[in-house]
Each structure stands twice: as C-alpha cells, then as structure tokens.
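Chemist: Mind looking over this structure? Questions follow.
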Amino acid sequence: MNLIRSTRTFSLLALLIISLNQFGWAQTPLVASTLAPAPHQAPGDSEPWWMHALIYEIYPRSFQDSNGDGIGDLKGITDRLDYLQSLGVNAIWLSPIYPSPQVDFGYDISDYENVDPQYGTLADFDQLVAEAKKRNIRIIMDMVMNHTSDKHPWFIESKSSRTNPKRDWYVWRDGKGPGIPPNNWQSVFGHSAWKFDSTTNQWYYHKFYAEQPDLNWRNPEVEKAMFDAVRFWLDRGVAGFRLDAIPTLFEDPQLRDAKETGGTNAYGDPILDDTYTDNLPEVHDVMRRLRKVVASYPGDRVLIGETYLPNVQELDKWYGGSRHDELNLPMDMQIGFTNKLDAGLFRQRIEDVETKVHGNQPLVVFDNHDNARSWNRYGDGAHDAAIARVIATMLFTTRATAMMYYGQEIGMVTITPARKEDVKDPIGVIGWPNEKGRDGERTPMQWDASRNAGFSTAAVTWLPVAPDYKTVNVKVEEANPDSLLNWYKNLIELRRTNPALRDGALTMLDPTNPNVLSYVRKGAAGTASVVVSLNFTAQPQTVSLDLAGTGVTADNVKTLMTDDPSLQSATGLSHIVLPPFASWVASVQ
Ligand code: NOJ
C-alpha cells in the first residue's frame, strides 16, 4: 500500500499502516544495537552541506508581508533573513512561488520559469538568493512535476484538439460510456480523478484538484520540458528541490480499476487501493536521470522528496538503495507523523532509518503545510510545551538532517476554521465537516504582539492571525530564556558544535522501556559522547542507563540541556528521575 498523504484523510490511512506495522514489530524483540554512520557520512569537509543541515520550510503567503496586501511575499522573507540566521537555519524550502491561479495556493503552476506577482518578481527572487547567501542560507525550490495548472499554456494547447502536438502531454482517455469516466480512480482531494472536457469529448486525469491536470510522464517531451525548468532554477543559484507528490508521477497504462479496501474516506468515497496510481516503478528511472542533471551542477545541490511511504523498505528505494543514485533526502514520514507519543514506536522507526537504508542520510520532519501542527498532533492539552520540547529534542539529537516548518519553533498551534464560509483551502469546502482543510496550519507567522502579529499592515490578512499571538511570538520568546524558541535555538547550536551529536553512531539504551526513549551518540575516541533521555509519559519515570557494550564510559556526566531543574546537577546514569515529558541531554565521558 502506498501513501501520499497531503490531507488528514491520508493521515487516517497512515494510522492504519502504523497499527499494522506495530503488530509486526510486536513479534520482534527490541535489542540495543549500535548504528554506525555509513562510510560516505564520515565527518569532514567532504560532507555535503545538507548532511547536518536545518532545512526550514516557508509557506510564502504566511511568513511576512512587505507591501500590506495581507499576503506574504519574497521581500518579506528577505527582511526576515536575520531572524532565520539567528535560529541557525541552513536552507529555506520555499513552497511554490511560481505564477499560479492559486487554486491550490501555488501547487497549480501556470509558468515554471517566473514568479507570481503576488510574491514579487524574478529580481526579488535573485535578491533573496543573494541576501540569503551572505548569511550562509541556501534556497530550495518546490518543484511540482506531477501536474500543472489547467491554465498552463501546455494544458490549454493540449485540450484544444485531439491532434494538438501537446495532446499527449496529459492523460486523456475516452469514458466507459456517456457520462462514465474511464475508471474508478479518485482524486486525493475527493471524488473522481477524471474530468470530462466537452471540447474533445474526452476525460483527463487529475490526482489532485481538477484544476491540476496530471502530466503524462510516458511522453519524453514532458521530462525534457520539466528538466529544462529544473535547469532554469539551478542556473539561478538554487540549492536544490523539494519534489512535490513525486510518487504519483506514473499511472497504470491499462487504467485498471482500483480495488476497494473497505470503508469510506472523509469525502464519502470508498477507500481504494492505490497500486495503480502511486509509486509505480517507472518513477525511479526518472529520479535517476534527474539526479544526474542536478549532480552536474557544482555545490552539492540536493533532491528532497515528499515521500509518504508505508515502510522503510519503500523509503530506501527513493535513495536508490545501495546505489545512492536517486534522491539525497526522501522525507522519512514514518517518524514525524506517527501522531502518538509511543517510545517503542519512535525507537523502532529511528532504528529502521539508521539500519535499513544502506547508510543513506535520514531526513526527519514533524511539521508541514499539509498536516495539523505537531503541537496539536502530539500535545495532550496539559503538557503541550513539554511535549513540544520532546519533539524538538528528537529532531536535533538523532543523526538525521532536520526539517522544520515556520512557527514550529515558537509553538504555533493549528487554528481550524470554525465555519465553512471561512475556509480558504478548497478541500475544506469539499470535505466539510469531516475534512476542514489545511488553513489551520497555514496561519500567519507570529513575530510580535503588534497588529497582525507583525506579519502585515493590511486591514485583513489572507488567513486570520492566531488569537494567541500576543504571548506566542518571536519577540516575547526571544526575551524569555525558558521559551520554546530558546529551547530550539540551544538545541540547534548544540548540534552544530557538538561532534558526537553531529556524527556519532547512535545506540539505543534501555531498549525495552515502553515509556522513555533513551540513546547515546558516541563521540570519537577520547572525546565526549552524548546521552539523550526523553520521558514520553505524564508520569515521572526513573531510568538507569547502562552503557555496557556501547564503548562509551560514563565517569563524567554533565547535563547539556534539560527542562527540569533537578536534572541540571545529575552526575550519573543510574536512577535518573525524569518528570512528566522531561527532556534530558547530557555529555558523558
Ligand atoms: C503536496 C503538497 O504539499 C500539497 O500542499 C499539495 O496540495 C499537493 N501536493 C498537490 O500538489
């Protein structure tokens, strides 16, 4: 079963997969194992920049508005680069900024080689790249290769006649009969994935909105055009791409009906098996060719994948397994979107990506513009701030490259629209009230306690600012040493400067403990190692961490970071008492 989860509907599927996996894991006893970095991940100057990077996703509409129209823009992002530098950001992933009718807020592109006037100009983009470079921050573009906007000139030509040279750039088919689509496939965003077009009396396929027709990747001209767009941005100095919905590039050429797997989704449609529409093997050939294009540029440009996948074996394929010749960093959604604080589950998934992807570099992400914020997905309503620190600590203390979403660092919450008429994201209208859309995780960045949280001077912002902005904002949190923002900053700095946290092999400690996740990152001979212990429960937990067999000694234990004063003075690894949801990071030597 494959998974491209861009909505909460997909989250439900993920939960199903997660429970099935859990069942499988219960059969296998957990053992402590030392997870050594692969040879090509050794510390040193030869490492690509992204190995230990913090990649920060910006949703441009919501980050900073510089011209008072209530919508964020590129100049706004440039104005905030100093903040991103102070946080320790190494690269920005920009959600789409291309010209677009904005049906899917930029994921419906009508020109791959320009900037939407709402966000600025190509000159503004160049300035952003240049200013970011001065601060050692790279820019990563969002590349949407599965579909275009229905307003893209390619599609307008394609639909104009059955004999148009671009007809075959999209997926057109006859229906099964009058008013009956070619098969039963569904859009991720609800209902049939086929739309009838009366100009030529055929149907076209759209995995997402009808305004997002799928490109036909079996036509080599499509690949050529898309790779040209990739080169356009590489020539402009971008550091790489986040590939949108990439497992959906190909469909079954025979258009076989999908099997129903039982039940209905948030849109009331039967749930279908996605074997014929997701993760077809052909996509990997495209990835290998794309990798060659990107690798032909200097400076370790990176390919990141939006890869919602059912298990680590599928994830490994996106790296190219032992060939290492596809994506550099397919996102590991198994860790960040478990959506429950289960120490055993996290332990297993962290071990999976350490041991089962041929030494490729993991990329961990907890938040993005398609899912309720981690604050709400993991919070219990009583210990939310402590839980947010547990999540942050996990993000920065395993060996993975870290990806964050704007506002995560200050504890922004999901603001789900209360009324259907307020919803901006079309899936929230189609699926109301079961699916309320993704507006909740896209509200404006909260900079300070001034009007509109310092995001915009407009009378009305495109989405409302969250009501908690007077207390949850960058300015207030910068001034508070105990804020979530400072927790993030300290962790990011610790990881940047601590060799064991950067490169050390990871060994799970106390591996059968269902309540506390503990591990050690081993320093090089004669240097300090780092022990991490995280209480995943609302009760105090006492742990004794045994380093036997890890090659690490613990004569000298010193707390590096904790949110509990009693742990500040810990001097050993026995009988450590962790208060509810406490985080503890210590140097051991
Ligand atoms: C995944 C993106 O993250 C999401 O926002 C978008 O709606 C779909 N892909 C379609 O492009």
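The values are calculated or read from the model by the stated rules, or taken from the named source; none is laboratory data. In this text the structure is predicted, and so the values were computed from the model without any measurement. Note that each Cβ is placed from the backbone with ideal geometry, even for glycine, and that neighbours are counted across all protein chains shown. For the accessible areas, the whole protein counts, side chains as well, though only heavy atoms, and no ligand, DNA or RNA atoms are used. Shrake-Rupley method; radii C 1.70, N 1.55, O 1.52, S 1.80 Å.
Chemist: Which condition number in (1) in a helix (DSSP H, G or I); (2) open to solvent by less than 20 Å² (accessible area, probe 1.4 Å) is the one that residue 289 fails?
Modeler: (2)
Chemist: Could you please let me know if residue 348 is surrounded by 24 or more Cβ atoms within 10 Å (Cβ to Cβ), away from the ligand (no atom under 16 Å from the Cβ) and in contact (Cβ under 8 Å) with a residue 12 or more places away in the chain?
Modeler: The answer is no for residue 348.
Chemist: Of the numbered conditions (1) within 17 Å of residue 277 (Cα to Cα); (2) of a type in the set (S, T, N, Q); (3) within 16 Å of the ligand (Cβ to nearest atom), residue 149 fails exactly one; give the number of that condition.
Modeler: With respect to (1) within 17 Å of residue 277 (Cα to Cα); (2) of a type in the set (S, T, N, Q); (3) within 16 Å of the ligand (Cβ to nearest atom), residue 149 is out only on (1).
Chemist: Right, another one. Scan region 544-559 and tell me whether some residue there is surrounded by 14 or more Cβ atoms within 10 Å (Cβ to Cβ) and under 26 Å from residue 405 (Cα atoms).
Modeler: Within region 544-559, not a single residue is surrounded by 14 or more Cβ atoms within 10 Å (Cβ to Cβ) and under 26 Å from residue 405 (Cα atoms).
Chemist: Of everything in region 79-103, what is open to solvent by 10 Å² or more (accessible area, probe 1.4 Å), within 16 Å of the ligand (Cβ to nearest atom) and not hydroxyl-bearing (Ser, Thr, Tyr)? Give them in sequence order.
Modeler: Once the filter is applied, which keeps residues that are open to solvent by 10 Å² or more (accessible area, probe 1.4 Å), within 16 Å of the ligand (Cβ to nearest atom) and not hydroxyl-bearing (Ser, Thr, Tyr), region 79-103 yields 99, 101, 102, 103.
Chemist: In region 560-574, which residue that is assigned to a loop (DSSP other than H, G, I, E, B) and not small (Gly, Ala, Ser) is surrounded by the most Cβ atoms within 10 Å (Cβ to Cβ)?
Modeler: Applying the filter and picking the extreme gives 573.
Chemist: Right, another one. Assess whether residue 183 counts as being open to solvent by less than 30 Å² (accessible area, probe 1.4 Å) and more than 21 Å from residue 101 (Cα to Cα).
Modeler: Answer is yes for this residue.
Chemist: If you don't mind, there's one more thing I want to ask. From (1) without any contact (Cβ under 8 Å) to a residue 60 or more places away in the chain; (2) out of contact with any His (no Cβ under 7 Å at 6 or more places or on another chain), pick out the condition that doesn't hold for residue 544.
Modeler: Here residue 544 meets the rest and fails (2).
Chemist: Is it the case that some residue within region 207-222 is hydrophobic (A, V, I, L, M, F, W, C), over 21 Å from residue 435 (Cα atoms) and open to solvent by 50 Å² or more (accessible area, probe 1.4 Å)?
Modeler: no
Chemist: Let me ask you something else. If you take the residues in region 528-542 that are buried (at least 21 other Cβ atoms within 10 Å of the Cβ) and β-branched (Val, Ile, Thr), which one is nearest to residue 580 (Cα to Cα)?
Modeler: Among residues in region 528-542 that are buried (at least 21 other Cβ atoms within 10 Å of the Cβ) and β-branched (Val, Ile, Thr), the one nearest to residue 580 (Cα to Cα) is 532.
Chemist: Restricting attention to region 409-425, and to residues there that are touching a Leu at 6+ places or on another chain (Cβ under 9 Å) and open to solvent by less than 10 Å² (accessible area, probe 1.4 Å), which single residue is farthest from residue 337 (Cα to Cα)?
Modeler: Residue satisfying both the conditions and the ranking: 410.
Chemist: Sticking with this one: If you check 308, 276, 297, which single one turns out to be open to solvent by less than 40 Å² (accessible area, probe 1.4 Å) and of a type in the set (Ser, Thr, Tyr)?
Modeler: 308
Chemist: Looking at 368, 311, which is the one that is within 30 Å of residue 285 (Cβ to Cβ) and more than 16 Å from the ligand (Cβ to nearest atom)?
Modeler: 311
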